[in-house]
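K.L.:
First, the structure itself, so that you have it in front of you.
The values are calculated or read from the model by the stated rules, or taken from the named source; none is laboratory data. Everything numeric here is computed off the predicted structure, so don't read it as measured data. Every residue, glycine among them, receives a Cβ derived from its backbone with ideal geometry; neighbour counts consider all protein chains shown. For accessibility, only protein heavy atoms count, side chains too; no ligands or nucleic acids. Shrake-Rupley method; radii C 1.70, N 1.55, O 1.52, S 1.80 Å.
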Amino acid sequence: MTKSGKPKSTTAMTESITGKDSPEAKAFQKKIDADITIEPKDWMPEAYRHTLIRQMSQHAHSEIVGMLPEGNWIGRAPSLRRKMILLAKVQDEAGHGLYLYSATETLGISRDQMIEQLHSGSAKYSSIFNYPTLTWADMGAIGWLVDGAAIMNQVPLCRTSFGPYARAMVRICKEESFHQRQGYEIMIAMAHGSPAQKVMAQSAIDRWWWPSLMMFGPPDADSPHSAQSLKWKIKRTSNDTLRQKFIDVTVPQAEFLGLEVPDPDLKWNKKRDHYDFGEIDWDEFYQVISGNGPCNKERLDARIKAWEDGKWVRDAALAYEQKKQAAAA
Amino acid sequence: MTSKERQMKGKKGQITGKEWPLYEVFIRSKNGLAHKHVGSVHATDSTTALEAARDVYTRRQEGISLWVVPSREITASDPEDEGMLFEPAKDKIYRHPTFYKIPKDVEYM
């Protein structure tokens with residue numbers, strides 16, 4: 001870390017790789033192995049810092065961009081009750097983004113830098129938010145499947161090795177449970193509603209099932225950062241393990257709704273005590289991640305527009321403060 | 001000048017009169033937990049405030065990390081505003097998971 005607290009770039013990465021056996025690095029790994037949480041002022045390898053900045057800012061961006069597909073339906077919610085709930089949920093996503101940005105700032109990157117990285121495309125966000133929300137049933141499917149998958153991912157992160165991240169995740173997980181339940185409640189209403197509503201509910205699971213499975217990331221064998229992240233306990237459980245767990249708990253929930261999971265190969269495997277499932281279209285995943293999903297451009301354009309349209313407010317607030325200070329001096 | 005404005009005024013470590021400025025003390029009891037407010041100390045600057053906080057509040061290994069913050073740098077909400085600030089959250093019971101009825105047969109939710 002430089003004196004100003006700013007992370008160094010590639011040179012520092014190389015240093016930390018060659019310095020793997022330095023006394024600091026050894027002591028650091030020992031702390032991790034003993035489940036001692038790392039706090040912002042503690043020594044850490046530059047690569048650990050970089051990995052966290054990448055993962056945490058990506059997580060924050062996902063919460064912020066994640067407001068867009070659902071925001072799309074606030075004005076068209078079918079009742080005042082549903083509208084209040086959806087509004088509260090989208091508010092929560094904004095809050096979660098802010099918890100995570102502030103936790104990431106403890107690593108020496110500024111808020112503006114992170115936002116710049118999102119807008120320039122150098123930082124990613126969860127590929128799931130690049131899919132469109134076509135009907136009200138999608139609000140149900142997102143809450144149930146997308147938030148369900150997010151919870152599955154996030155619960156182990158409450159024990160991640162970096163203190164500010166772990167504490168942010170504890171808050172987030174506590175708040176997230178309502179998101180999934182309100183989604184499932186919508187699914188119950190639609191699946192048990194009119195034939196037309198049931199068709200909508202089925203179409204929603206058809207479109208959201210596979211992208212939800214992709215939320216856990218590439219298979220362990222193809223996940224470039226997984227092994228090191230597990231060693232550093234940034235990650236606590238592997239992608240494939242979490243994906244399997246999600247499928248195992250979610251399939252019975254779909255059965256309860258009387259809806260079909262769109263996977264002809266899905267079958268309970270008694271021997272494994274898990275569901276077997278069909279092959280995931282990873283080509284689609286990489287296409288969407290690299291900018292070719294159905295809504296990538298729309299999502300980024302919306303974020304950039306919001307940022308640019310808000311510029312006069314940020315400038316005015318600063319100018320007002322400067323004026324007050326000048327008057328006081 | 002209102003009491004709020006008085007609090008906001010003055011620079012960090014600025015000494016007014018003969019009394020040393022007040023610093024609020026926060027302790028992290030162990031890695032993984034957030035710093036928690038424990039009390040305050042008087043000191044002429046942040047370095048001596050840290051030393052005083054260490055002597056006053058950590059004689060029995062209460063923590064492994066200390067923060068001191070000039071008390072005048074803290075802007076606190078007015079107790080009179082409590083209702084205005086916090087009551088609106090009271091009737092938003094739909095922000096809690098228990099608001100939603102999920103049938104008993106549905107597990108893991």
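K.L.:
Taking the mean number of other Cβ atoms within 10 Å as a proxy for protection, how do you rank B:82-93, A:243-254 from highest to lowest?
P.N.:
A:243-254, B:82-93
K.L.:
Tell me the carbon and sulfur percent of the accessible area for the protein assembly as shown, rounded to whole percent, probe radius 1.4 Å.
P.N.:
The value for the protein assembly as shown is 56 percent carbon and sulfur by accessible area.
K.L.:
May I pose another question? Once amide H atoms are built 1.01 Å from N in the peptide plane, which residues 5 or more positions from B:Ser40, or in another chain, come under 5 Å H to H?
P.N.:
Those lying under 5 Å, H to H, from B:Ser40 are B:Val25.
K.L.:
Would you tell me the mean number of C-beta atoms belonging to other protein chains that fall within 10 Å of each C-beta in A:155-168, as a whole number?
P.N.:
Per-residue shielding by partner chains comes out at 1.
K.L.:
Specify which residue in the list B:Ser71, B:Thr58, B:Pro103 is farthest towards the positive end of the charge dipole of segment B:55-109, using unit charges on the beta carbon of Lys, Arg (+1) and Asp, Glu (-1), about the Cα centre.
P.N.:
B:Pro103
K.L.:
So if I restrict to the alpha-carbon atoms in segment A:200-321, what is the Rg, and what is Dmax, the biggest pairwise distance, in Å?
P.N.:
Computed over the Cα atoms of segment A:200-321, radius of gyration and Dmax are 20.1, 68 Å.
K.L.:
Related question: For the protein assembly as shown, restrict the atom set to alpha-carbon positions and state the Rg and Dmax in Å.
P.N.:
Looking at the protein assembly as shown, its Cα Rg and Dmax stand at 24.8, 81 Å.
K.L.:
Let me ask something else. Across segment B:19-33, in residue order, what do the Karplus-derived ³J(HN,Hα) couplings come to in whole Hz, using 6.51 cos²θ - 1.76 cosθ + 1.60 with θ = phi - 60° and x for Gly and Pro?
P.N.:
Taking θ as phi minus 60°, the curve returns 7, 5, x, 9, 10, 7, 10, 10, 10, 9, 6, 7, 4, x, 9 Hz for segment B:19-33.
K.L.:
Would you mind pulling out the separation of the Cα centroids of segment A:18-62 and segment A:235-292, in Å?
P.N.:
Result: 31 Å between the Cα centres.
K.L.:
Most fluctuating residue of A:Pro156, A:Pro78, A:Pro164 in a GNM of chain A with Cα springs under 10 Å: which is it?
P.N.:
A:Pro78
K.L.:
Please list log₁₀ I(q)/I(0) at q = 0.14, 0.20, 0.22 Å⁻¹ for segment B:44-109, using the Debye equation with identical point scatterers on the alpha-carbon positions.
P.N.:
Each listed q corresponds, in turn, to -0.74, -0.87, -0.95.
K.L.:
So, one more: Per-residue Cβ counts within 10 Å, from other chains only, averaged over B:90-103: what number is that?
P.N.:
Mean inter-chain Cβ contacts per residue within 10 Å come to 5.
K.L.:
Summing both sides, how much accessible area is buried between B and A? Use a 1.4 Å probe and give Å² to the nearest 100.
P.N.:
Rounded to the nearest hundred, the buried surface is 2000 Å².
K.L.:
Just counting partner chain Cβ atoms within 10 Å, what average do the residues of peptide A:176-188 show around their Cβ?
P.N.:
4
K.L.:
Using the heavy atoms of the protein chains and a 1.4 angstrom probe, tell me the accessible area per residue for chain A in square angstrom.
P.N.:
With the other protein chains kept in place, chain A gives 48 Å² per residue.
K.L.:
While we're looking at this one, here's another question. Toward the positive end of the charge dipole of the protein assembly as shown, about the Cα centre and with charges on Cβ (Lys, Arg +1; Asp, Glu -1), which of B:Val25, A:His96, A:Pro40 goes farthest?
P.N.:
B:Val25
K.L.:
Determine the relative contact order of chain A: mean sequence separation of Cα pairs under 8 Å and six or more apart, normalised by residue count, in whole percent.
P.N.:
Relative contact order, chain A: 17 percent.
K.L.:
Packing-wise, with mean Cβ within 10 Å as the measure, how do A:294-301, A:148-155 rank, highest first?
P.N.:
Per-residue mean Cβ counts within 10 Å order the peptides as A:148-155, A:294-301.
K.L.:
Between A:Leu98 and A:His119, what is the label-to-label distance in nm when each label sits 7 Å out along the Cα-to-Cβ direction?
P.N.:
Inter-label distance under the simple model: 2.0 nm.
K.L.:
Compare A:Thr160, A:Thr106, A:Thr133 in a GNM of chain A, Cα atoms joined below 10 Å, and give the one with the largest fluctuation.
P.N.:
Result for chain A, Cα springs under 10 Å: A:Thr106 fluctuates most.
K.L.:
From the phi angles alone, apply the Karplus equation (6.51, -1.76, 1.60; θ = phi - 60°) to segment A:75-80 and give each ³J(HN,Hα) in whole Hz, x where the residue is Gly or Pro.
P.N.:
These are the phi-based 3J(HN,Hα) values: x, 10, 4, x, 8, 4 Hz.
K.L.:
If I take the Cα coordinates of segment A:88-160 and project them onto the principal axes, what are the three extents in Å, biggest first?
P.N.:
Result for segment A:88-160: principal-axis Cα extents of 41, 31, 21 Å.
K.L.:
To the nearest 0.05, how large is the calculated FRET efficiency for A:Glu260 and A:Trp307 if R₀ is 30 Å and r is the Cβ-Cβ distance?
P.N.:
Efficiency, rounded to the nearest 0.05: 0.15.
K.L.:
May I ask which residue of A:Gly121, A:Thr133, A:Trp208 lies farthest towards the positive end of the charge dipole of chain A, with charges of +1 (Lys, Arg) and -1 (Asp, Glu) on Cβ and the Cα centre as origin?
P.N.:
A:Gly121
K.L.:
To the nearest 20 Debye, how big is the dipole of the protein assembly as shown about its Cα centre, given +1 on the beta carbon of each Lys and Arg and -1 on that of each Asp and Glu?
P.N.:
1180
K.L.:
Which residues, if any, in segment A:238-258 lose at least 40 square angstrom of accessible heavy-atom surface (probe 1.4 Å) when the other protein chains sit next to their chain rather than the chain being alone?
P.N.:
A:Val249, A:Gln253, A:Phe256
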